Amino acid sequence: MTIVEERPVPAAAPPPRRPNRAWALLRNSWRQLTSMRTALVLLFLLAVAAIPGSVLPQRPLGEENVAGYFREHPDLAPVLDHLGAFDVYASPWFAAIYLLLFTSLVGCVLPRLVDHVRALRTVPPDAPRRLERLPQFAAAAERDDDPAAAVQAAKAALRKRRFRTVVREGADGTWTVSAEKGYLKETGNLLFHLALLLVLVGVGFGHWYGWHGNRLLVQGSDQGFCNSVTQYDEWTLGPRIDAADLPYFCLRLRDFTAAFEPSGQPKVFNAAVDVQDRPDGAWRASRFTVNDPLRLSGANVHLLGHGYAVELRYTDRYGAQQTKVVPFLPRDGMFTSEGVAQFPDVNIAPKTDKRDDALQIGFEGVYVPTVDPNGGPASVFPAENKPVLFLSAYRGNLGLDAGLPGSVYALDQVQIANGKLKKVSGERPLRLVPGESTTLDDHTVVEFVGTRPFATLSVRSDPAQPLVLGGAIAGLLGLMLSLGGRRRRLWFRVSPREGSGSLMEAGGLPRTDYPGFDEEFEQIVGAARGHREGTP
């Protein structure tokens, strides 16, 4: 009878696990994002994205410049405005590039930093078995001293040049010296990238905790302002800043000096101001220029530009006088300026003390500091050599009581179109020089008193400026270290010679491109063998 042995059937292998596609996609995307190549691409994109901020006018720096761009490019400006080109650094696409670059740098630098610290704590590796295969090799040379003394001579030559050295003794009596130098190159690389991160963090905190405001300040003690959001023409507060957090100070423009080249290009802008730092404090005098801002406690005042404010005096039909000082905005490099002066509270009947809205008066004008000899309303030089004011008078309802927002630099065109505001000065504008007056058709008088200079100021506070400055200095230092450092390794092998003495051979390996490594290698080997510097 045959007995058949039953063998257990092996269990079937489990089916291979299918990889999680979502996890694989996230992992690969993270690897791509945190690669150095992606960081460089994002840095380049950030630089390209910042170009419109330096080419196009920006709202935080001056709304009037943006308005001028809209007038000059009525078709292109709305498209650029929709893309955020007039406030580039607050646009979503710029923030997206900024955050991606920050994430990429963090994911790229931190692993390299860990590897670099680990490499600094690791001793140089032992000498390879075949030193003659290295790029630099010095054949074995005889020495009269024993291997232990020869090893100490090699170590001293290396330590003199600040190499990290490790001496090892083999079982066969052979000694080796391993040396390494040049970690400052990688240290510089990491310092540069950490400094870039520091700059990005500083810019971010500056946006959170910073604020700025723009103000057009006319000369005169009656035209000053204090640091409040209600006193600025445009203002922006960081997300972490409230209006009550603004520091106290008041400014008034005492004098403004402007000098120009013969071609009309500005040469010198100098603003003299009075500053009050405390509510009950005394006023102090100070000066600042375009490249030298006024530094106050908690804010800096920058001078952006200047222009002229026209002073008009209007005498109504009842003999009452009102004076307005109105800034006229330059429209070209020669300071041909446009502006509007509105007198809504005039022609009030003394008996009834009521105002007739149909008798309000407004003036639309062009001021030229140096009039064109041909007589047109255009300036040929920005200084006030021959000033002339061209005015057009409008009478009627100015539309200021409607409660609708409007520009202070233009009359309400809707009121003009529907006939509620009519031109009463004739087809040709009135031509006035400083001190001259003219009588309108209703026997009211308008006088061109003169002009006052005004300065366009940008008041900015960025508490993270020291952080950004420190990051910039650290980045420059890291760049210098990365360009100057060169990593290399050297090995010496000392073996006992038959009888007495020792044999010393050496090899060198540059870890980076280093044209002068062969000369340095020869000098170190010569010093280890007891030769003088520069001798074979």
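The values are calculated or read from the model by the stated rules, or taken from the named source; none is laboratory data. All of these numbers come straight from a predicted model, not from anything done at the bench. Using ideal geometry, Cβ is built from the backbone for each residue, glycine included, and neighbour counts are taken over all protein chains shown. The protein model used for the area step is the full one, side chains on, heavy atoms only, and it has no ligands, DNA or RNA in it. Shrake-Rupley method; radii C 1.70, N 1.55, O 1.52, S 1.80 Å.
Annotation: aspartates and glutamates with alpha-carbon distance below 14 angstrom to residue 160 (same-chain offsets under eight excluded): 180, 520, 533. The local environment of residue 72, defined by Cβ-Cβ distances under 12 Å, has a net charge of 0 under the rule Lys, Arg +1 and Asp, Glu -1. Sorted largest first by accessible area at a 1.4 angstrom probe radius, with every protein chain in place, the residues 30, 23, 283 fall in the order 23, 30, 283.
Our note on the geometry: Cα centres of segment 333-411 and segment 456-475, 41 Å apart. Rounded to the nearest 500, the helix-only mean residue ellipticity at 222 nm of the chain stands at -9500 deg cm²/dmol, with each DSSP H run of n ≥ 4 adding -39,500 (n - 2.57).
Charging the Cβ of each Asp and Glu at -1 and of each Lys and Arg at +1, and nothing else, the dipole of segment 120-222 about its Cα centre rounds to 180 debye.
Each other residue within a Cβ distance under 11 Å of residue 478 adds +1 if Lys or Arg and -1 if Asp or Glu, for a net charge of 0.
Between residue 27 and residue 408, the C-beta separation translates, for a Förster distance of 56 Å, into a calculated FRET efficiency of about 0.45. Along its principal axes, the chain has C-alpha extents of 131, 93, 51 angstrom, given from the largest down. When 491, 235 are compared by accessible area of protein heavy atoms, the largest-first order is 235, 491, using a 1.4 Å probe. Once the Cα-Cα distance is subtracted from the 0.36 nm per residue extended length, the residue 483 to residue 386 segment shows a gain of 29.0 nm. For residue 103, the accessible area of its heavy atoms, probed at 1.4 Å with every protein chain present, is near 50 square angstrom. Per-residue surface analysis assigns residue 102 an accessible area of about 70 Å², computed on protein heavy atoms at 1.4 Å probe radius. Relative to the longest principal axis of the chain, what angle (0 to 90°, nearest 10) does the C-alpha long axis of helix 36-49 take? Helix 36-49 and the main axis of the chain meet at about 10 degrees. Is there a pair in 324/351; 267/386; 354/420 whose C-alpha atoms are over 22 Å apart, and which pairs would that be? Long pairs (Cα-Cα over 22 Å): 324/351.
Among 456, 477, 466, which residue has its Cα furthest toward the positive end of the charge dipole of segment 438-500, with +1 on Lys/Arg Cβ and -1 on Asp/Glu Cβ? Result: 477.
To the nearest ten degrees, helix 147-160 and the longest principal axis of the Cα atoms of the chain are 10 degrees apart. Each Lys or Arg adds one and each Asp or Glu subtracts one; over the other residues with Cβ under 11 Å from the Cβ of residue 128, this totals +3.
Please name which of 352, 333, 305 has its Cα lying farthest along the dipole of segment 296-370 towards the positive end, using unit charges on Cβ (Lys, Arg +1; Asp, Glu -1) and the Cα centre as origin. It is 352. Can you tell me how segment 217-340 classifies by the Cα gyration tensor, rounded, prolate or oblate, using a/c under 1.5 as the rounded cut? In terms of gyration-tensor shape, oblate. Of the residues 338, 311, the one with the largest accessible area comes first in the ranking 338, 311, computed with a 1.4 Å probe on protein heavy atoms.
The residues of the chain expose on average 57 square angstrom of accessible surface per residue, using a 1.4 Å probe on protein heavy atoms.
Dipole magnitude for the chain: computed about the Cα centre from +1 point charges on Lys and Arg Cβ and -1 point charges on Asp and Glu Cβ, it is near 2180 debye.
Only sites in a loop by DSSP and with at most 15 other Cβ atoms within 10 Å count here; which GluC sites (Glu not before Pro) in segment 391-453 make the cut? Sites meeting the loop and neighbour criteria: 427, 436.
Since only 410, 382, 429 are under comparison, the one whose Cα sits farthest along the positive direction of the charge dipole of segment 371-431, derived from C-beta charges on Lys, Arg, Asp and Glu, is 429.
The angle between the Cα long axis of helix 63-72 and the longest principal axis of the Cα atoms of the chain comes to about 80 degrees, rounded to the nearest 10. Partner aspartates and glutamates whose Cα lies under 16 Å from the Cα of residue 423, excluding those fewer than 8 positions away in the same chain, are identified as 357, 364, 412, 441, 442.
Expressed as a whole percent, the accessible surface of segment 15-106 that belongs to carbon and sulfur atoms is 68, based on a 1.4 Å probe.
The charge dipole of segment 384-523, taken about its Cα centre with unit charges on the Cβ of Lys, Arg, Asp and Glu (plus for the first two, minus for the last two), comes to roughly 240 debye. For segment 270-320, the share of accessible area belonging to carbon and sulfur comes to 43 percent (1.4 Å probe, ligands and nucleic acids excluded). Restricting to DSSP loop positions (anything but H, G, I, E, B) with no more than 12 other Cβ atoms inside 10 Å of their own Cβ, which trypsin sites (Lys or Arg not before Pro) remain in segment 343-417? Sites meeting the loop and neighbour criteria: 351, 354.
Answer rounded, prolate or oblate for segment 164-250, using the Cα gyration tensor with square roots of eigenvalues a ≥ b ≥ c: rounded when a/c is under 1.5, else prolate when a/b is larger than b/c, else oblate. Prolate, because a/c is 1.5 or more and a/b exceeds b/c.
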